[in-house]
1. Quick check on my filter: what residues within segment A:111-120 are open to solvent by 10 Å² or more (accessible area, probe 1.4 Å) and outside any loop (DSSP other than H, G, I, E, B)?
2. Among the residues in segment B:5-19, are any under 25 Å from residue A:100 (Cβ atoms), modelled with pLDDT under 90, under 17 Å from the mean Cα position of the chain (by Cα) and open to solvent by 40 Å² or more (accessible area, probe 1.4 Å)?
3. Of the residues A:209, A:229, A:214, only one is within 16 Å of ligand 1 (Cβ to nearest atom), at negative phi and of a type in the set (A, V, I, L, M); which?
4. Evaluate the following for residue A:92: is it surrounded by fewer than 23 Cβ atoms within 10 Å (Cβ to Cβ) and assigned by TED's automatic domain parsing to the domain that holds residue A:216?
5. Of the residues that sit in segment A:51-69 and are assigned to a loop (DSSP other than H, G, I, E, B) and more than 13 Å from ligand 1 (Cβ to nearest atom), which one is modelled with the highest pLDDT?
6. Would you confirm whether any residue within segment A:140-160 is within 11 Å of chain B (Cβ to nearest Cβ), among the polar types (S, T, N, Q), crowded, with 22+ Cβ neighbours inside 10 Å and within 30 Å of residue A:19 (Cβ to Cβ)?
7. Any residue at all in segment A:60-69 that's within 16 Å of ligand 2 (Cβ to nearest atom), over 29 Å from residue A:109 (Cα atoms) and either more than 14 Å from every other protein chain (Cβ to nearest Cβ) or crowded, with 17+ Cβ neighbours inside 10 Å (or both)?
8. State which residue pairs qualify: first residue without any contact (Cβ under 8 Å) to a residue 60 or more places away in the chain and inside segment A:1-29, second residue in a loop (DSSP other than H, G, I, E, B) and away from ligand 2 (no atom under 16 Å from the Cβ) in any location, beta carbons under 8 Å apart, and separation of 6 or more residues or different chains.
Amino acid sequence: MIKIKDVSFSYEGNPKNALTNVTLEAARGDFLGIIGQSGAGKSTLTRVINGLVPHYYDGVFSGDAAVGGRATLESSPEELARSVGSLFQDIEGQLFASVVDDEVLFGLENFGVPRDEIESRVEYALAAAGISDLRTRAISTLSGGQKQKVAIAAITALKPEIMVLDEPTGELDPQSSRRVFETLRELNEKHGVTIVVVEQKIMMLCEFVSRLAVMNGGRLILEGPVASVLKNAEKLEDAGVNIPRVTTLALRLREHGLYDGEPPANIPEAARMMRTAVHASL
Amino acid sequence: MKSFLDYVPGDSALHRLNPLTKLALAFGLCTSCFLTRNHALVVGVMLLNLFQAAIAGVLDRSLKMLSALVKLSVVLFLAQLFFVREGRILLALPFGLYITDAGLSFSLLFVLRLVAATMPLAMMLSITRMSDISNALVRGTGIPYKYAFVLTTAIRLIPLFADEMAEIMEAQIARGVEFDTKNFFKKLRLILPLCVPLLISSVRKIEDGAISAELRGFNLRNRNSGYKRYPFGVGDAAVLALCALVMAASVMI
Ligand SMILES: Nc1ncnc2c1ncn2[C@@H]1O[C@H](COP(=O)(O)OP(=O)(O)OP(=O)(O)O)[C@@H](O)[C@H]1O
Ligand SMILES: [Mg+2]
């Protein structure tokens, strides 16, 4: 679905490489989380996927990127947008309508979706984002989390195969963040959308995604299933990523032979780990 | 943050009018206020606005706005009052200040106009969806969608700017800057430097917004893209007739 091969990129007027030899693949139905400290190149990587790099952001690009079988170099971001939906951090700036359903209509109208299909698309998108009940609400009266879901619905209506989100919960409290991620999980599991998401709240991210990619200084230093990536405590620390304490604990328990599973990715798994460890030490 | 410019969903007769009718009414009423020199007519426009607000179910918002405008008007009224030197002196005050009948009449008209002319536009925005305004404009007048979009986006950005400014000011207050100073010039000196960060963060937001619009096919849009239709009904004809009547009256009396 996404094939990035040996991509390097530096922005115009900024000689430092924003990305250096990044190779990354994601299959259909993957739910990929990207982490790394500020300036690591996470946003730039998402821009490679939706074609904004190098089409919108000028700079020096090398390597190959293909999305949904289309080379990003040969298609405009607009063409790519038919298979890749993108969301940026600032929610307000991306909403153009007064009322929720108008927001969803905007893209459908633009892409010339046939009239008799529009209503069902609007309903589908609102339902998929879990906001059918907000359909006639004024956007200005919604909470940050609800606005984010409106933005997700507006993209979902266009039925993209891939959705790329750059810090979608950056301005949200933990609870709203979780709700947004639950919406993403639903899109991923029920509707088969491949999702790539940049996120700072690592603990939460690990709970939802199936794969993790860790960026550091423009390089992709780790990539794979969540549990196997989290094992690399040192590399993560180098990348400035705070590893969940429960992961460190799992690794320590393993060293002492008290636990042999994967580091837990959520609370039930953590509880199971503790039970196992307690039993093993008795 | 909610502002006076936000849309309030509803299904009143006014909400259902053609967006162009609402736009015409708002501009018609504004223009009348400035065409006429008759105090009563300006007050009439004001009442008409409140009547509209009552029908559309946004009366309390309109009253709130009215009271804010009145407060501002009092200051402007007093400032204006002493500047007019012509006319019959009604009241002589120390320091060579006096109030004349012409000054009273002029100042009153000035603030009445200000209040009455501000309300119709806010009223129109309260009961019309942004997308309906731009779509109806494109369909009805044939102006390119881009211009209509710029217009509605500019309106949409006002509360966003206000939010941003409030955020930046809060950050400065947290650092000990005293914005609550009474001295206007001191306050101005404190606020001016903030315009730069405001501009930078706003430009960044607008740029993200522009990219997002493009990725959602903004450039593919044409005159026939709109999904909704905006029929012109009996209600529209009646409202436009009323608007024409007010305008005619404002020219004649
Ligand atoms: N528009 C731009 N023009 C020039 N340089 C840029 C631009 N955007 C990013 N960069 C540079 O590219 C590098 C990678 O930035 P990027 O925004 O991808 O990092 P990030 O991991 O998303 O960081 P953050 O967590 O702060 O969002 C940084 O050195 C940054 O300064
Ligand atoms: Mg970023």
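1. Within segment A:111-120, A:115, A:116, A:117, A:119, A:120 meet the criteria.
2. The answer is yes, given that some residue of segment B:5-19 is under 25 Å from residue A:100 (Cβ atoms), modelled with pLDDT under 90, under 17 Å from the mean Cα position of the chain (by Cα) and open to solvent by 40 Å² or more (accessible area, probe 1.4 Å).
3. After ruling out the rest, the residue left standing is A:214.
4. No.
5. Per the criteria, the residue is A:51.
6. Checked segment A:140-160: no residue is within 11 Å of chain B (Cβ to nearest Cβ), among the polar types (S, T, N, Q), crowded, with 22+ Cβ neighbours inside 10 Å and within 30 Å of residue A:19 (Cβ to Cβ).
7. Checked against the condition, which is being within 16 Å of ligand 2 (Cβ to nearest atom), over 29 Å from residue A:109 (Cα atoms) and either more than 14 Å from every other protein chain (Cβ to nearest Cβ) or crowded, with 17+ Cβ neighbours inside 10 Å (or both), segment A:60-69 yields no hits at all.
8. Pairs found: A:11/A:58; A:12/A:58.
The values are calculated or read from the model by the stated rules, or taken from the named source; none is laboratory data. None of these values were measured; they are calculated from a predicted model. Cβ atoms come from the backbone with ideal geometry, glycine included; neighbour counts cover every protein chain shown. Note: areas computed on protein heavy atoms with side chains; ligands, DNA, RNA excluded. Shrake-Rupley method; radii C 1.70, N 1.55, O 1.52, S 1.80 Å.
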